[in-house]
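> Attaching a single structure in structure tokens format; questions to follow.
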Amino acid sequence: MVWTPEQTGTFLDFIAHHRLYAFFHLLAHAGLRRGEGLGQYWADLDENAASLAIRFQLLQVGWETEFGTPKTDSSVAIITLDRGTVLELCAHRSRQQREREEAGDAWVDLGLMFTQPDGSPLHPADVTDLFNKLVEEAGLPPIRLHDLRHGAATFALASGADMKVVSSMLRHSSITITADTYTGVLPQVARATAEGIARLVPRKVASVRVMPERPAIEDHSRLGLISGSQSKIHNTEEERNNGYEQCKEAGRDESLPASPKYAARDSNPGPAD
């Protein structure tokens with residue numbers, strides 16, 4: 001399950017002043033995994049290029065934690081951030097600097113982006129519990145912390161991003177994984193894309209065609225609707241003979257409907273149809 005963009009915005013607004021706001025903002029916008037966010041170092045942020053290098057993650061083994069490399073080889077990559085996310089990270093760094101000054105010599109200087117108030121690493125389980133608590137307080141439908149990553153991918157697809165671009169953002173090992181994971185989103189994206197194409201084509205004449213009203217028909221047995229036009233079906237022997245003679249005189253013997261069945265299939269059928 002993923003939140004709608006409105007629900008995600010509601011959540012971020014609700015926690016805007018929380019000390020770990022930037023962590024949840026990063027996951028919701030860039031699609032990082034929990035461990036990747038907790039294992040992020042300030043040295044890997046390039047403010048000018050608006051990019052972030054994903055090189056480590058904080059793993060939970062039982063209750064113990066350890067730093068390791070991301071999930072797959074493709075997960076080690078440099079991702080592009082939007083300017084708003086960069087500004088939020090910079091604001092978080094300023095907040096962290098104040099905590100560092102308050103902690104003094106007790107500060108644990110590891111260079112981590114998201115930490116305890118004393119600079120030590122956060123525990124992944126504690127962060128998940130915090131997320132669940134905040135979601136409940138915000139009155140939003142419960143989702144997993146990992147679903148913020150799925151939400152980021154869904155929003156990217158909905159915004160018109162190419163599947164390959166989204167796969168690169170998520171650092172999947174194959175675009176097939178991305179496509180399979182977000183199959184449910186694809187019909188909506190395709191529909192939005194089709195509508196977007198239609199909106200780009202300038203028109204001076206309304207594209208919706210209104211058919212003229214048909215005259216009232218008293219004897220419905222004498223008329224039949226056929227593809228492309230409206231034509232009379234010869235119902236009597238006399239009418240069939242007259243129609244045949246007219247076609248023969250015009251040199252178009254093959255134009256005579258062989259039977260009402262053919263007349264109902266084509267507006268200008270041949271006997272061999």
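The values are calculated or read from the model by the stated rules, or taken from the named source; none is laboratory data. Source: prediction; values computed, not measured. All Cβ positions, glycine included, derive from the backbone under ideal geometry; neighbour counts span all protein chains shown. Only protein heavy atoms, including side chains, enter the accessible area calculation; ligands, DNA and RNA are left aside. Shrake-Rupley method; radii C 1.70, N 1.55, O 1.52, S 1.80 Å.
> Can you give the local net charge around Leu27? Use residues other than it whose beta-carbon is closer than 13 angstrom to its beta-carbon, Lys and Arg +1, Asp and Glu -1. Write out the running numbers ahead of the final one.
Values: positive: Arg33, Arg34, Arg144, Arg149; negative: Glu36, Glu88, Asp147.
Combined, the nearby Lys, Arg, Asp and Glu give +1.
> Expressed as a whole percentage, what fraction of the accessible surface of region 72-115 belongs to carbon and sulfur atoms when a 1.4 Å probe is rolled over the protein heavy atoms?
Values: 1270 of 2580 Å².
Percent of accessible area from carbon and sulfur atoms in region 72-115: 49.
> If you don't mind, there's one more thing I want to ask. Give me the distance in nm between label points sitting 7 Å out from Cα along the Cα-to-Cβ direction at Leu110 and Ala53, one decimal.
In this crude spin-label approximation the distance works out to 1.9 nm.
> Could you calculate the FRET efficiency of Glu66 with Trp42 from 1/(1 + (r/R0)^6), where r is the beta carbon distance between them and R0 is 22 Å, rounded to 0.05?
Values: r = 20 Å, r/R0 = 0.92.
Step by step, r from the Cβ atoms, then E = 0.65.
> Between Glu101 and Lys164, what is the label-point separation in nm under the 7 Å Cα-to-beta-carbon projection?
4.9 nm
> If I compute solvent accessible area with a 1.4 Å probe over the protein chains, what percent of it on region 117-161 is carbon and sulfur?
Details: 1080 of 1880 Å².
Looking at region 117-161 in its full context, I get 57 percent from C and S.
> With an 8 Å Cα cut-off and a minimum separation of 6 or more residues, compute the relative contact order for region 69-180 in percent.
Values: 66 pairs, mean separation 28.0, N = 112.
Relative CO of region 69-180 lands at 25 percent.
> Stretched out fully, how many nm does the piece from Ala77 to His18 gain, at 0.36 nm a residue minus the Cα gap? The partial results should precede the final answer.
On the way: separation 59, 0.36 × 59 = 21.24 nm, distance 2.85 nm.
Result for the pair: 18.4 nm of gain on full extension.
> What's the extension gain from Ala194 to Lys133 if we count 0.36 nm per residue and subtract their Cα-Cα distance? Please list the in-between numbers first.
Working: separation 61, 0.36 × 61 = 21.96 nm, distance 4.01 nm.
Between Ala194 and Lys133, full extension yields 18.0 nm more.
> Here's another thing I want to ask about it. Can you work out the FRET efficiency for the pair Ala91 and Val205, with r the C-beta to C-beta distance and R0 = 45 Å, to the nearest 0.05? Don't skip to the answer; put the middle values down first.
On the way: r = 52 Å, r/R0 = 1.16.
So, using R0 = 45 Å, E works out to roughly 0.30.
> Separate question: Using label points projected 7 Å from each Cα along Cα→Cβ, tell me how many nm separate Gln7 and Ser120, to one decimal.
3.6 nm
> Amide H of Leu59: which non-local residues (sequence gap of 5 or more, or other chain) have their own amide H closer than 5 Å, using H built in the peptide plane?
Glu66, Phe67, Gly68
> Would you mind getting the accessible area per residue of region 7-113, heavy atoms of the protein chains only, 1.4 Å probe, in Å²? Walk me through the numbers on the way to the answer.
Numbers: 5460 Å² over 107 residues.
On a per-residue basis, 51 Å².
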